[in-house]
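Below is one structure, written out as structure tokens; comments come after it.
The values are calculated or read from the model by the stated rules, or taken from the named source; none is laboratory data. Predicted, not measured: the structure shown is a model, and the values here were computed from it. Cβ sites come from the backbone with ideal geometry, for glycine too, and all protein chains shown count toward neighbours.
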């Protein structure tokens, strides 16, 4: 069970820490313009896939999804879903404040992150 909990934590880290970098990688996407709907889709895909600042964090995020698939096979969904998603939220807030894509963490945000971690730990403890 400890290995599965570590994989849940890894999923949260991989998902959460990449979100601010994916957001940074999409800067300039709104400026991409084409004359047709299909041309717009092609232009946006070309912009995103040609931008390493988007592709690299997206690939790491997808590795997190693969880890999550492993976790779902080992852990009940009633634990895997809330734990991975809440940890991803906490790591997004932390990473975003460090990178500068989010507001700096205030006391309420820090308390929220602590409560997320405590709640996740309690869920894991209850399921073990």
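The combined condition, being under 18 Å from the mean Cα position of the chain (by Cα) and closer than 14 Å to residue 10 by Cα, is not fulfilled by residue 109. The listed residues are 99, 114, and the only one of them that is in contact with a helix residue (DSSP H, G or I) (Cβ under 6 Å, 6 or more places away or on another chain), at pLDDT 90 or above, exposed (fewer than 15 other Cβ atoms within 10 Å of the Cβ) and over 14 Å from residue 11 (Cα atoms) turns out to be 99. Restricting attention to region 1-22, the residues being surrounded by fewer than 22 Cβ atoms within 10 Å (Cβ to Cβ) and more than 8 Å from the chain's Cα centre (by Cα) number 11.
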